[in-house]
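Quick notes on the structure that follows.
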Amino acid sequence: MKSPLLENKRLSYSSIIVIMFIGLIAALICSVVLGRYPISLSELGGILFSQVFDIEPFWTPVQESLFLQHRLPRIILACLVGCCLAAAGAAYQGVFQNPMAAPDILGASSGAAFGAALAILFHMSRSMIVVLAFVCSLATVAVVMYVGHKAHGKRVLGLVLAGIMISSLVSSGTSFIKMVADPEDQLPAITYWLMGSLNGTAPKDVLLALIPMLVGLVPLFLLRWRINILTLGDDEARTLGVNTKHLRAAIIIASTLVTAASVAVSGVIGWVGLVIPHLTRRIVGDNYKYLMPASMLLGAIFLLVVDDLSRNLLATEIPIGILTSFIGAPFFIYLITRDGERL
């Protein structure tokens, strides 16, 4: 399906990307300024330049610490997580030829939830929660891929069914951990993590997630045009000389890396990887050469805006996973029911 915008030549692809970049920059500026402890644009510029030049401070030490140690890492992580989830969702939808595919289709989110709940149960530090969630997420997907490989019949269908079964098994383990957790301390912490939040993000969280995110995003970006071939089906892809087995495995591994890293640092955030690729298709069309970069940008913008809402709407911060569901589900219904839209 071609994008209505591109088909009518009202906007070129380059113009759309430039508009998205401008939107991302505007969202970044708003995210810095907004908050219970406001930072003006002049103070923001002063803090940034003071890291390079010797400037007489006209801002408070509290503002500088708030920006560098809390707000800036949170903004960066929101952009990274949104970018990764949208990219993984778009990749999975192409690889599995399923418009309902999402980043957790192979159990990455369920595995991360189990790892985080286990870490909280044993009173581990925040860093260890992130690490164990990441490791369990990768381990869950590895088991899914092994079971899917051993399954008889179509390989893609076997992977999807294995993902459903293993996810259900791991979710049962998470439920058991919640049952035995301390209801005064551990259970609320596990429940809050499962709702997804970027609250308490520190610079080390960004550093922990950045490497696996980049390791996954770079191959997805470079292989984006080959995903178009996979959408044609295995038989057609083989006639074009493409090794579908190796290509599909590479894309699944890259998508799993970015999903695991994202869920490990932010908790379970749904709908981003499902809604954003569909919305991007309405803008740039189905060609993954354009769809993948645009999905990355739009995902970053979307999650950054939702995070701003989560920390500014009420006196108490709203878990970001709740907001993405409130926004994503109705919007997805609108996308699939409007005229001319087909799944």
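Tabulated data for the structure shown
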| read-out | value |
| --- | --- |
| Residue match in segment 4-19 (condition: assigned to a helix (DSSP H, G or I), over 21 Å from residue 279 (Cβ atoms), modelled with pLDDT of 90 or more and of a type in the set (Gly, Ala, Ser)) | no |
| Residues of segment 156-165 classified as open to solvent by 20 Å² or more (accessible area, probe 1.4 Å) and either without any contact (Cβ under 8 Å) to a residue 60 or more places away in the chain or touching a strand residue (DSSP E or B) at 6+ places or on another chain (Cβ under 6 Å) (or both), total | 4 |
| Helices (runs of 4 or more DSSP H) contained entirely in segment 177-230, each with at least 3 residues that are under 18 Å from the mean Cα position of the chain (by Cα) and in contact (Cβ under 8 Å) with a residue 12 or more places away in the chain | 186-195, 203-222 |
| Count of segment 231-261 residues which are open to solvent by less than 70 Å² (accessible area, probe 1.4 Å) and either in contact with a Phe, Trp or Tyr (Cβ under 6 Å, 6 or more places away or on another chain) or assigned to a helix (DSSP H, G or I) (or both) | 17 |
| Selection count, segment 268-282, where residues are of a type in the set (A, V, I, L, M, F, W, C) and part of a loop (DSSP other than H, G, I, E, B) | 3 |
| In segment 90-127, the residues that are more than 15 Å from the chain's Cα centre (by Cα), over 20 Å from residue 196 (Cβ atoms) and not in a loop (DSSP other than H, G, I, E, B) | 94, 95 |
| Selected residue (only one of 326, 302 is in a helix (DSSP H, G or I), out of contact with any helix residue (DSSP H, G or I) (no Cβ under 7 Å at 6 or more places or on another chain), open to solvent by 10 Å² or more (accessible area, probe 1.4 Å) and among the hydrophobic types (A, V, I, L, M, F, W, C)) | 326 |
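The values are calculated or read from the model by the stated rules, or taken from the named source; none is laboratory data. All figures in this text were calculated on a predicted structure; none of them were measured in a lab. Every residue, glycine as well, gets a Cβ built from its backbone with ideal geometry; the counts of neighbours run over all protein chains shown. Surface areas here come from the heavy atoms of the whole protein model, side chains and all, with no ligands, DNA or RNA. Shrake-Rupley method; radii C 1.70, N 1.55, O 1.52, S 1.80 Å.
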